[in-house]
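Input: a single structure, listed below in structure tokens.
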Amino acid sequence: MTKSPFVEFKNVVKRFGERTILAGVDLTIFKGEITTIIGKSGAGKSVLLKHIIGLLKPDAGEILFEGRPLRSMSKAEWKQLKRRVSYMFQQNALFDSMTVFDNVALPLRERTRMPAREIHEKVMARIEQFELSEVTDKFPSQISGGMQKRVALARALVTDPSIILFDEPTTGLDPLRKNTVLSMIAHHQREIGFTAVMVSHDIPDVFLISNRVAIIEDKRIPFQGTPVELEQSNDPLVQQFIRGQESLADELTGLLTRPDLEQKIRQELSRIGRFQKTFSVVLFVIDDLELIREKVGFIAAQRIVQCLGNLLKGHLGTTGMSARFSQNEILTVLPHTDLSGARHFLKDLAERMKDAETFQAKTYPRICPEFYIKAGIVQANSEATLESLIEQARSNLKTIAHLECTAGMRVSKS
Amino acid sequence: MIKNQALPLALFRYLGRGFISFVGELGAIAIFFFQGFVHIFSYPFQPGKIMQQVYFIGAKSIMIVSLVGLFTGMVLGLQGYYTLVKFGSEGMLGAAVALSLLRELGPVLTALMVIGRAGSSMAAEIGIMRISEQIDALDTMDIDPIRFLVSPRIGASIISFPLLTSLFDVIGIFGGYLTGCLLLKINSGIYFNRIYDSVVMQDISSGYWKSLAFAIIVSTICSYQGYFTHLRSGGFGARGVSLATTSAVVISCVLVLAADYVLTSLLL
């Protein structure tokens, strides 16, 4: 099936007075798909949505609806088109002095000339579809937040729109409700087949239900594509967005970011030649972290990384630097340290690990994660590069600590 | 020297800026009213919504308007009697009470009462709808919010105000009868006959013209203040709504009294 574009932005520019909000945005939204727009707060996501519904007009560039430019449409055509668009507000914007039934019925009563009976049938059908039959006569403030969301979606869908815009549908909800709302959107989207455009912060949950993702950054859209393409993109900006959640976790471990550390290593490497100084690199690998995450839990896995990070930081003080290199790898730089110094350092560290709470079997009352911490040391020389150092460290890996669930921490000396 | 020149300049600039924004605001209110007024008659009509507002603005105000009317009439009867008796013309009491009620007090006091009861709630209700994005929601549903919210209120006010005013007049005249005839023993035949003799159609119609004008002023100002709550510089959210309600009441009261003067001088 070939995908046909429903809405296309072509080099759209929007300014508010002196401030430029959109500087040449290109975006394609395909029919029958869920397109998610992500970006920082105030990056112009809502402005983008408002262009689709016609609340704002572009200063330059063009917006095409089903291939036809908005600019050239007559007023009647535009009105016709506007009726096919629904908008769901972040705070639902239900009419709080009307009952649930009246809320859902309002667009039909005001916009169509349907007889009252037909309206009643249609509204009741939607209400049943969204499992709201019990609260038909209640007011929005009398029902739960999740139900309010359902009422809002029922109201948006009652006119059978072909495109629905969701303005941050999950912001401010707890994780459980968040998933309920996202799955509700995905479920009904599949069932009814409308085109959905969503503005969201919920990375990465929202990717699971999206067919396409667009990133808005610095007044433009530097990336648009499928979530898989997004995940596999090498673009640092894109990576930054996907890692949004992990970066919080990294902050908790007290570790530096990977680019910072790479910069530091390059700096040290360039010094070797000039000042005859040396340094060592230690790569820590937590084996089976994936397994722990799966079997024991996300928090336990995170705690292990956090503990190792904190130990390293405490032990190194200000002289060394550590960063999370990948999911289960931590890279440490020890300046002015040769191979024997680094070994000594590891030995000390292993001693300390023995006492840490995270490495005691009794911390895990039900499921005990058995894991190994391995370390590889390499001393830098003047011919080394960043890549070669890491490769060597990987080949030198030795177990330095091991949690055995019956005996507690066992330290192997290397 | 420069300073002396700059001061009056700054003053004029300040006054000019204030005046321009005042005129701009007047224009905005006028456009707002015309949009609302035109949509009373645009198809499909909204009789249900207008009736609902007539119930709220009109029917529910009957009690307060009756009470105020009764006591106003009674006070007029007392005061009028003791003034007229000095000239030995207490027989004119009926005419004095009826004319002052029909021409002035009826429309003005009715309007003030309705401002307090219905005008404030108009501003508050529309204001809350604005800050909770309900008006934006109407916009995105392609429902004209002015037509949906403001037109029924203007229409209902135009229907209710003259009716409430007539009620006020009748009860006020009865109040004058209570104090004048029952308490102070003026002959009731003289009281009512004087009313019959002195009141001409123009007195009654001028009162109705006034009440129509007040209906437009009150419903427009109160809706306008609520509708543009979000543009106020003073406060946001709940504070904004409270300020909008306050200024709706204050502005419409002042405008009703000012318009009363202008209309009186035109209609007399």
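Taking the Cβ-Cβ separation of residue A:68 and residue B:9 as r and a Förster radius of 56 Å, what is the calculated FRET efficiency to the nearest 0.05?
Values: r = 54 Å, r/R0 = 0.97.
So the FRET efficiency works out to roughly 0.55.
Positive end of the charge dipole of the protein assembly as shown (Lys, Arg +1 and Asp, Glu -1 on Cβ, about the Cα centre): tell me which of B:233, A:103, B:156 has its Cα farthest that way.
Farthest towards the positive pole: B:233.
List the aspartates and glutamates whose alpha-carbon lies under 14 Å from that of residue A:362, not counting same-chain residues fewer than 8 positions away?
Those aspartates and glutamates meeting the cut-off are A:370, A:404.
Please list, in order along the stretch A:79-87, the HN-Hα scalar couplings obtained from phi with the Karplus expression 6.51 cos²θ - 1.76 cosθ + 1.60 (θ = phi - 60°), rounded to whole Hz, x for Gly and Pro.
Karplus-based 3J(HN,Hα) across the stretch A:79-87 equals 5, 4, 5, 4, 5, 8, 10, 10, 10 Hz.
At 7 Å along the Cα-to-beta-carbon direction for both residue A:160 and residue A:114, put a label point, then send me their distance in nm to one decimal.
0.9
DSSP loop trypsin sites (Lys or Arg not before Pro) in the stretch B:166-268 with at most 15 other Cβ atoms within 10 Å of their Cβ, which ones? Present the calculation step by step, with values, prior to reporting the outcome.
Numbers: sites: B:185, B:194, B:210, B:232, B:239; in loops: B:185, B:232.
Counting only loop positions with at most 15 other Cβ atoms within 10 Å, the trypsin sites (Lys or Arg not before Pro) in the stretch B:166-268 are B:185.
What number comes out for the charge environment of residue B:267, summing +1 per Lys or Arg and -1 per Asp or Glu over other residues with Cβ under 9 Å away?
On the way: positive: B:103, B:210; negative: none.
Here the count lands on +2.
Hey, could you get me the Stokes-Einstein D for the stretch A:1-102, Kirkwood radius over alpha-carbon pairs, 25 °C and 0.890 mPa s, rounded to whole µm² s⁻¹? Intermediate values should be presented prior to the final figure.
Values: Rh = 15.3 Å.
Diffusion coefficient, whole number: 160 µm²/s.
Please list, in chain and number order, the residues 5+ apart from residue A:400 or on another chain whose amide H is under 5 Å from its amide H, with Hs placed from the backbone.
For residue A:400, whose amide H was placed from the backbone, the distant partners under 5 Å are A:373, A:374, A:375.
Which whole-number percent of Cα pairs in chain B have a distance greater than 27 Å?
48
Within a Cβ distance under 12 Å of residue A:396, other residues only, what is the Lys/Arg minus Asp/Glu net charge? Mind dumping the intermediate values first?
Numbers: positive: A:343, A:374, A:394, A:398; negative: A:391.
Taking every other residue near residue A:396 into account, the sum is +3.
How do A:6, B:34 line up, fewest other C-beta atoms within 10 Å first?
Fewest-to-most Cβ neighbours within 10 Å comes out as B:34, A:6.
Find how much the distance from residue A:263 to residue A:138 grows on full extension, using 0.36 nm per residue of separation minus their present alpha carbon separation; answer in nm with one decimal.
Working: separation 125, 0.36 × 125 = 45.00 nm, distance 6.06 nm.
Stretched out fully, the residue A:263 to residue A:138 stretch lengthens by 38.9 nm.
What nm distance separates the two modelled labels at residue B:203 and residue A:91, each placed 7 Å from Cα along Cα→Cβ?
Roughly 5.3 nm, to one decimal.
Check which residues have an amide H placed less than 5 Å from residue A:86's amide H, if you skip close sequence neighbours.
Hits under the 5 Å cutoff: A:163, A:164, A:165.
What whole number of Å gives the distance from the Cα centroid of the stretch B:96-157 to the Cα centroid of the stretch B:3-34?
The stretch B:3-34 and the stretch B:96-157 have Cα centres separated by 27 Å.
Before anything else, pin down the relative contact order of chain B: Cα pairs under 8 Å, at least 6 apart, normalised by residue count, whole percent. Please report the intermediate quantities before stating the final value.
Details: 320 pairs, mean separation 83.4, N = 268.
Over chain B, the number comes to 31 percent.
What is the list of residues in the stretch B:144-161 whose amide nitrogen lies under 13 Å from a point 7 angstrom out from the Cα of residue B:64, following Cα to Cβ?
none
Quick check for you: which residues of the stretch A:317-346 have the amide N under 18 Å from the point 7 Å beyond the Cα of residue A:381 toward its beta carbon?
Flagged as within label range: A:336-342.
Which FRET efficiency value, to the nearest 0.05, do you get for residue A:125 and residue B:52 by plugging their Cβ-Cβ distance into 1/(1 + (r/R0)^6) with R0 = 25 Å? List each step's numbers first, then the result.
On the way: r = 27 Å, r/R0 = 1.08.
After rounding, the FRET efficiency stands at 0.40.
Report the chymotrypsin sites (Phe, Trp or Tyr not before Pro) located in the stretch B:180-268 that are in a DSSP loop and have at most 15 other Cβ atoms inside 10 Å of their Cβ, or state none. Each step should come with its number before you reach the end.
Details: sites: B:191, B:192, B:196, B:208, B:209, B:214, B:224, B:227, B:228, B:236, B:261; in loops: B:228, B:236.
Those satisfying the criteria are B:236.
Would you work out the relative contact order for the stretch A:46-131, in percent, from Cα pairs under 8 angstrom that are 6 or more residues apart? All intermediate terms of the calculation are to be shown ahead of the outcome.
Working: 28 pairs, mean separation 14.0, N = 86.
This gives 16 percent for the stretch A:46-131.
A 30 angstrom limit on the alpha carbon distance is what I want to check against. Which of A:178/A:219; A:31/A:57; A:82/B:49; A:14/A:75; A:178/A:313; A:178/A:295 exceed it?
Working: A:178/A:219 28 Å; A:31/A:57 22 Å; A:82/B:49 25 Å; A:14/A:75 22 Å; A:178/A:313 36 Å; A:178/A:295 24 Å.
Violating the 30 Å limit, Cα to Cα: A:178/A:313.
Amide H neighbours of residue A:223 under 5 Å, at least 5 residues apart or on other chains, H built in the peptide plane: list them.
Placed amide hydrogens put A:215 under 5 Å from residue A:223.
Would you mind ranking B:231, A:403, A:316 so that the residue whose beta carbon has the fewest other beta carbons within 10 Å leads the list? Before the final figure, lay out each step's value.
Details: B:231 10, A:403 22, A:316 17.
Taking fewest neighbouring Cβ atoms as first place, the list is B:231, A:316, A:403.
Beyond 18 Å, what share of the Cα-Cα pairs of the stretch A:247-411 is found? Please give it as a whole percent. Walk me through the numbers before you get to the answer.
Details: 7779 of 13530 pairs.
The calculated P(r) of the stretch A:247-411 puts 57 percent of pairs beyond 18 Å.
What FRET efficiency do you get for residue A:240 and residue A:16 if R0 is 35 Å and r is their Cβ-Cβ distance, rounded to the nearest 0.05? Kindly include the intermediate steps, with their values, before the conclusion.
Details: r = 27 Å, r/R0 = 0.76.
Efficiency for this residue pair is about 0.85.
Once you place label points 7 Å from the Cα toward the Cβ at residue B:121 and residue A:327, how far apart are they in nm?
6.2
Could you give the size of the charge dipole of the protein assembly as shown about its Cα centre, using +1 on the Cβ of each K and R and -1 on the Cβ of each D and E, expressed in debye and rounded to the nearest 20? Show your work: numbers first, answer last.
Details: 72 positive and 63 negative charges, 185 e Å.
Charge dipole of the protein assembly as shown: 880 debye, to the nearest 20.
Per residue of the stretch B:75-86, what does 6.51 cos²θ - 1.76 cosθ + 1.60 with θ = phi - 60° give for ³J(HN,Hα)? Whole Hz please, x for Gly and Pro, Karplus curve as stated.
5, 4, x, 4, 4, x, 4, 5, 6, 5, 5, 5
What do you get for the angle between helix A:386-395 and the principal long axis of chain A? Use alpha-carbon atoms, 0 to 90 degrees, nearest ten.
Roughly 70 degrees, rounded to the nearest 10.
Output the antiparallel fraction of DSSP beta bridges having both residues in chain A, as a percent to the nearest 5.
Numbers: 48 of 67 bridges.
In chain A, DSSP labels about 70 percent of beta bridges as antiparallel.
Between B:38, B:54, B:256, which gets the highest mean-square fluctuation from a Gaussian network model of chain B, Cα cutoff 10 Å?
B:38
Going by alpha carbons, how many degrees (0 to 90, nearest 10) lie between the helix axis of A:145-157 and the longest principal axis of chain A?
Helix A:145-157 and the main axis of chain A meet at about 50 degrees.
Over chain A, what lengths in whole Å, largest first, do the semi-axes of the equivalent ellipsoid take, defined as the square roots of 5 times the eigenvalues of the alpha-carbon gyration tensor? Kindly include the intermediate steps, with their values, before the conclusion.
Working: eigenvalues 583, 153, 45 Å².
Gyration-tensor ellipsoid for chain A: 54, 28, 15 Å.
Using a Gaussian network model of chain A whose springs link C-alpha atoms within less than 10 Å, name the residue from A:215, A:163, A:119 with the highest mean-square fluctuation.
The residue with the greatest mean-square fluctuation here is A:119.
Using alpha carbon centroids, what distance separates the stretch A:61-93 and the stretch A:284-357, in Å?
55
Computed from the coordinates by the stated procedures, all read-outs in this text should not be read as laboratory data. Bear in mind the structure is a predicted one, so any value in this text is a computation, not a measurement. So basically every Cβ, Gly included, is an ideal-geometry build from the backbone, and we count neighbours across all protein chains shown.
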